[in-house]
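The values are calculated or read from the model by the stated rules, or taken from the named source; none is laboratory data. Computed from a predicted model, the values in this text were never measured in an experiment. Calculation scope for accessible area: heavy atoms of the full protein, side chains included, ligands and nucleic acids excluded. Shrake-Rupley method; radii C 1.70, N 1.55, O 1.52, S 1.80 Å.
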Amino acid sequence: MTPFMLRLSSEVGRGGTGSVYQGCFLDLPLQLVVKVLPADCMDRELESWRQLRHLAGNSIPGLFGAYAIEGKEGSADTGALVQQHGGSSLSSFDALTHSQRDELYRIVTRIHEAGVEHGDIRPANVTLKKDGGVMVIEFSHSFHTSA
């Protein structure tokens, strides 16, 4: 079995919990992002992904894998979430058409119906896909509600 090789090309963002890098699998025409964050933050975010997997790939990015990287003695463990590239982040909600705003509302409603509160809906966490659709990204501030 040949392993997938991953190439990271550039940092595309940095937040309170980690950094995000754009990349791709070598020999596959698939754009992705890798979010590097403390392992304990990754575990919390993964719980949201589990509850939202029915939305993955369309309304939220698909998750290709989650990896724990053991820290050296005395340093914290690190996690890496390998995700589908969601598209270009918005600079303002004003950039959305009426139908895209309706789609965003439906996505956020589905997220809430699944028992997850995003916790940080803002333009930088909403992307436009190549087909013009909307995607919600970045679940590091999410928390669980009773659905």
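Relative to the dominant Cα principal axis of the chain, helix 39-51 is inclined by about 40°.
Helical content alone sets the calculated 222 nm signal of the chain at -6500 deg cm²/dmol, taking -39,500 (n - 2.57) per DSSP H segment of four or more residues and averaging over every residue. Candidates [x] 1.06; [y] 1.33; [z] 1.18; which is the computed Cα Rg over 2.2 N^0.38 Å? It is the value labelled [x].
In region 1-60, the portion of solvent-accessible area held by carbon and sulfur atoms comes to 56 percent [1.4 Å probe, whole percent, DNA, RNA and ligands not counted].
A 1.4 Å probe run over the chain, with the rest of the protein chains in place, finds 59 Å² accessible per residue. Using a Gaussian network model of the chain whose springs link C-alpha atoms within less than 10 Å, name the residue from Ala124, Ala76, Ala68 with the highest mean-square fluctuation. Answer for the Gaussian network model of the chain: Ala76.
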